[in-house]
Amino acid sequence: MKRIVILISGRGSNMQALLDANLPCQVAAVISNRADAQGLEIAGRKGIETAVISHKDFADRAAFDSALAAIIDRFAPDLVVLAGFMRILTAGFVERYRGKLINIHPSLLPAYPGIDTHQRAIQDGIKIHGCTVHFVTPDLDHGPIIIQAAVPVLRDDTPQSLSARVLCEEHRIYPQAVRWLCRNQVWLDEIGRVASDRLEQPGAALISPGLE
Ligand code: GRF
């Protein structure tokens, strides 16, 4: 069975969705860069090994990333899953885990990389927003896309209400992506594209606001 390591920094709701999803893999560890991350408690209660490594204890990103990699490698994971891990990773770290490192981002990439995605989406007046699971590359929030979910942006949405709608979908697509990867049904090919041997299942169009 494949082994995964999940990296978090805070609440850990995506981590929890992964732990609850009965995935065909063993969650070998949950690692946080913050000791006060709520997700650590959730993982601990489920009997999963946890570790904390604070970025503040290191002089620079490279030093933090190599110490982080040393901890990750102790668990010999097949997949490293970023679930709300709020640190920018160095190119060296990203290359070390090429094809094994995935992230979830709260926008329909390549739109809205970075932070405050929901607020920016509302400000721009877009009608469809969403979330993306992608392989991590050195280019922040721009890696090859595995799966996306789209939600409508409603007239009275606040960043909070929109974020809650998107988060529900995050909790659906992240376990799906990890399941595909663990079953070798999706992978990163030699030229850096997402490849898959699954039958494609077209979803329905989302039109927002809906037609009369
Ligand atoms: C999620 O919105 C995720 O897309 C982003 O950070 C947030 C983490 O939330 N990368 P949680 O810790 O999984 O609840």
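The values are calculated or read from the model by the stated rules, or taken from the named source; none is laboratory data. Predicted, not measured: the structure shown is a model, and the values here were computed from it. Every residue, glycine among them, receives a Cβ derived from its backbone with ideal geometry; neighbour counts consider all protein chains shown. Surface accessibility is based on the protein's heavy atoms, side chains included, excluding ligands, DNA and RNA. Shrake-Rupley method; radii C 1.70, N 1.55, O 1.52, S 1.80 Å.
Counting only DSSP beta bridges whose two residues both lie in region 2-196, roughly 45 percent are antiparallel.
In the full protein context, the chain carries 53 Å² of accessible surface per residue, based on a 1.4 Å probe and ignoring ligands, DNA and RNA. I115 label point, 7 Å along Cα→Cβ, cut-off 20 Å on backbone N: hits in region 10-32? Flagged as within label range: 10-14, 32.
Extending 7 Å from the Cα toward the beta-carbon at both Q26 and F58 defines two label points whose distance is 2.6 nm.
Here the alpha carbons of region 1-61 define both size measures, Rg and Dmax, at 12.0, 39 Å.
Placing dummy labels 7 Å off each Cα toward the beta-carbon, the span from Q201 to I88 is 3.8 nm. Given all pairs of different Cα atoms, what value in angstroms does the Kirkwood hydrodynamic radius of the chain take? One over the average 1/r among Cα pairs gives 17.8 Å for the chain.
Extents of region 55-174, largest first, come to 47, 28, 20 Å (Cα atoms, principal axes, whole angstrom). Scaled to the globular estimate 2.2 N^0.38 Å, the Cα spread of region 31-104, given as radius of gyration, is 1.08. Averaging Cα coordinates gives a centre for region 109-158 and one for region 2-76; these two points are 24 Å apart.
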